[in-house]
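J.: There's a structure below that I have some questions on.
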Amino acid sequence: MHLATLASGSSGNSIVVGHEKRNFLVDCGISLKATLHNLAILDIAPSEIEGIFITHEHSDHIKGVGAVARKLKIPIYASAKIWDELNPSIGKLKDEQRVVVKDAFTCAGLRVRVFPTSHDSQESFGVRVEVEQPVKGRSRAIGIATDTGIVTEEMHQALKGCDALVVEANHDREMLWQGGYPWYLKKRISGNYGHLENSQLAEGLLQWIEGNTQRIVLAHLSDENNTPETALSTILRILKESRVAKENRDLRLRVAPRYTPHELIVLEEY
Ligand SMILES: [Zn+2]
Ligand SMILES: [Zn+2]
């Protein structure tokens, strides 16, 4: 399996997840042009994208979804409530391109388990992705969760032991409260339905890093209230003080670039 972020942050989010030449996108919050451009950088052809899952209806996650689905003639997977929000503005789609998702679905030969996050949209979700038909009965697992104010119990269950994680390190608590955002926005971001703070994510990671966890991509960093250096140093400090450091595992922690793709992370099959 493989994965990469195409873009990350409030200016637009999209992640490609795949297996051999089959892929799907988690969110499409950048334009059609930027989506195709960033896929090309990763050497992924448009014909190799088989669907788009929408985590929630905020514009930084759906900006390009209608145009990309039309251009590539692929289905969009979203919950019924998120479809209610998408429908008025998404433009023309064929009926078969509107797939209503509950707890799980299959796309591009991948089994996608959907779990709730805690965010101020109609609904919001993360995913755990595994191959549909593992070769020797075991599959790698990729966990994705951004846009959540707290770490939910469902997140713990789904993200535990994933080989690779793309998870939100939105802001640094000090930077947010010392910064220039209006009071209501500070309350929104730091609230239970806002975004994860660096050390909150680190506490989550302490529970999720298990088994073969090897790659972690920090995503959805705030431009104003975080920096890649702050996120990495805060999280590494917390991990170093924990059992994770004693396990001597080969763990690679990276920050997702805002506008350009992260290099393709390839997880070797068992
Ligand atoms: Zn959001
Ligand atoms: Zn977002």
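What follows is calculated from the coordinates using simple rules that are stated; it is not laboratory data. Just so it is clear, the model here is predicted, and its values are computed rather than measured. Neighbour counts are summed over all protein chains in view; Cβ atoms, including those assigned to glycine, are modelled from backbone coordinates with ideal geometry.
J.: Figure the gain on full extension for His156 and Asp84 (residue separation times 0.36 nm, minus the Cα-Cα span) and round it to one decimal in nm.
T.: 23.1 nm
J.: Would you work out the charge dipole size for the chain about its Cα centre, treating the Cβ of every Lys and Arg as +1 and the Cβ of every Asp and Glu as -1, and quote it to the nearest 20 debye?
T.: The calculated dipole for the chain is roughly 340 debye.
J.: Which value in nm describes the separation of the simple spin-label points at Leu236 and Ser11, placed 7 Å from the Cα toward the beta carbon?
T.: Each label point is offset 7 Å from its Cα along the Cβ direction, giving 2.4 nm.
J.: Report the charge-dipole magnitude of the range 117-270 in Debye, nearest 20, computed about the Cα centre from +1 at each Lys and Arg Cβ and -1 at each Asp and Glu Cβ. Walk me through the intermediate numbers first.
T.: Values: 18 positive and 23 negative charges, 68 e Å.
That gives the range 117-270 a dipole magnitude of about 320 debye.
J.: With a cut-off of at most 15 other beta carbons within 10 Å, and DSSP calling the residue loop, which trypsin sites (Lys or Arg not before Pro) in the range 188-270 qualify? Please list them. Don't skip to the answer; put the middle values down first.
T.: On the way: sites: Arg188, Arg215, Arg237, Lys240, Arg243, Lys246, Arg249, Arg252, Arg254, Arg258; in loops: Arg249, Arg258.
Answer in residue order: Arg249.
J.: What is the dipole size for the range 11-82, taken about its Cα centre, with +1 at each Lys and Arg Cβ and -1 at each Asp and Glu Cβ, in debye to the nearest 20?
T.: Here the range 11-82 has a charge dipole of around 260 debye.
J.: In the calculated pair distance distribution of the chain, what percentage of Cα-Cα distances lie above 28 Å? Can you show the working numbers first?
T.: Details: 10599 of 36315 pairs.
Summing the P(r) of the chain above 28 Å gives 29 percent of all pairs.
J.: Moving to a separate point now. By DSSP, what percent of the beta bridges with both residues in the chain are antiparallel, rounded to the nearest 5?
T.: Just about 55 percent of them are antiparallel.
J.: Which entries in Lys21/Lys136; Lys63/Lys92; Lys71/Lys94; Lys102/Lys160; Lys73/Lys102; Lys73/Lys94 show an alpha-carbon gap greater than 18 Å?
T.: Working: Lys21/Lys136 20 Å; Lys63/Lys92 15 Å; Lys71/Lys94 12 Å; Lys102/Lys160 21 Å; Lys73/Lys102 22 Å; Lys73/Lys94 9 Å.
Where the Cα-Cα span goes over 18 Å, the pairs concerned are Lys21/Lys136; Lys102/Lys160; Lys73/Lys102.
J.: At 7 Å along Cα-to-Cβ for each site, give me the label-to-label distance between Gln122 and Trp177 in nm.
T.: Label at Gln122, label at Trp177, 3.6 nm between them.
J.: Still on this structure, I have one more. Can you list which of the GluC sites (Glu not before Pro) found in the range 222-270 are DSSP loop residues with at most 15 other C-beta atoms within 10 Å?
T.: Glu224, Glu241, Glu247, Glu263, Glu268, Glu269
J.: Within a 10 angstrom radius of the beta carbon, how do Met175, Met1, Met155 rank from fewest other beta carbons to most?
T.: Met175, Met1, Met155
J.: Sorted by average packing, counted as other Cβ atoms within 10 angstrom per residue and highest first, what order do 140-146, 89-95, 199-205 take?
T.: On the way: 140-146: 26.6, 89-95: 11.9, 199-205: 20.6.
Final packing ranking: 140-146, 199-205, 89-95.
J.: While we're looking at this one, here's another question. Full-extension gain between Lys136 and Glu268, please, as 0.36 nm times their residue separation minus the C-alpha to C-alpha distance.
T.: Values: separation 132, 0.36 × 132 = 47.52 nm, distance 1.28 nm.
Result: 46.2 nm gained on full extension.
J.: Would you kindly state how much longer the chain becomes between Lys21 and Arg249 on full extension, computed as 0.36 nm times their sequence separation minus their alpha carbon distance, in nm to one decimal? Mind showing how you got there, number by number?
T.: Details: separation 228, 0.36 × 228 = 82.08 nm, distance 2.96 nm.
That pair, Lys21 and Arg249, stretches by 79.1 nm at full extension.
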